[in-house]
1. Return a single number: how many Lys pairs in segment 24-133, at a sequence separation of 8 or more or on separate chains, have alpha-carbon atoms below 24 angstrom apart.
2. For segment 79-134, just say rounded, prolate or oblate: build the C-alpha gyration tensor, square-root its eigenvalues into a ≥ b ≥ c, call rounded for a/c under 1.5, and beyond that prolate if a/b exceeds b/c, oblate if not.
3. Please tell me the relative contact order of segment 24-133 in percent, rounded to the nearest whole number, where contacts are Cα pairs under 8 Å and at least six residues apart.
4. With θ set to phi - 60° and the Karplus curve 6.51 cos²θ - 1.76 cosθ + 1.60, what are the ³J(HN,Hα) couplings of segment 116-129 in order, to the nearest whole Hz, using x for Gly and Pro?
5. Would you pull out the residues with amide H under 5 Å of His78's amide H, same chain only if 5 or more places away, H placed 1.01 Å from N?
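Bear in mind these aren't lab numbers, they're just calculated from the coordinates by the rules spelled out. Please read these numbers as outputs of a predicted model, since none were measured by experiment.
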Amino acid sequence: MLLSQRLKGISYALIYFIIKEAPYMIHILYFKRKNFTYTLPAEVATSFFSRVRGLMGTKPGTVPGMLLVPCNAVHMFHMYYPLAISYLLKDGTVFHQEVLHPWQIGNTYKEAYAVLEIPLDLPSPEIGDVLLYW
C-alpha cells in the first residue's frame with residue numbers, strides 16, 4: 001500500500017471521529033444583562049478538533065448550542081438548520097449578532113475572541129450582554 005493511500009485512510013477515519021464519534025459535554029454559560037443574570041446551556045469547544053467539528057452534522061434539538069473559544073469566524077457547511085451567531089470580545093461582551101442559514105459563511109471579526117452558536121428556536125444573548133463564566 002502506498003503512503004498516500006494510508007494517509008487518505010487515516011484522514012477519513014479522523015474526519016469520521018470528529019463528526020460522528022466525539023462526545024458533547026454540556027456546560028452552563030452565565031450571562032449578565034443590565035441588572036440580572038441568566039443561564040444558557042451550551043457545548044464549549046476549546047480544542048482544534050472540537051472547533052472544526054462545531055455543530056456539523058447535528059440535528060435540531062440534539063445540542064442546545066456551542067461556544068467556540070478562541071474563534072472569530074464561522075461557517076455553516078454540513079448544517080441542517082439556521083443558527084443565531086453571537087460574537088464575543090475577550091471580556092465576554094456580545095458585540096455583534098447575525099443569523100446564518102445552512103451553507104452560508106459568516107463575517108470575520110478580528111476583535112472577536114469567541115463565537116456562540118445557538119439554534120434559532122432557543123433564546124440567545126443580546127448585544128451588550130456579558131458572558132460571566134462557563
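1. 4
2. Working: a/c = 2.36, a/b = 1.45, b/c = 1.63.
Oblate, since a/c reaches 1.5 and b/c is not below a/b.
3. On the way: 252 pairs, mean separation 32.6, N = 110.
Result for segment 24-133 is 30 percent.
4. 10, 10, 10, x, 4, 7, 10, x, 10, x, 9, 4, x, 5
5. Amide H neighbours of His78: Trp103.
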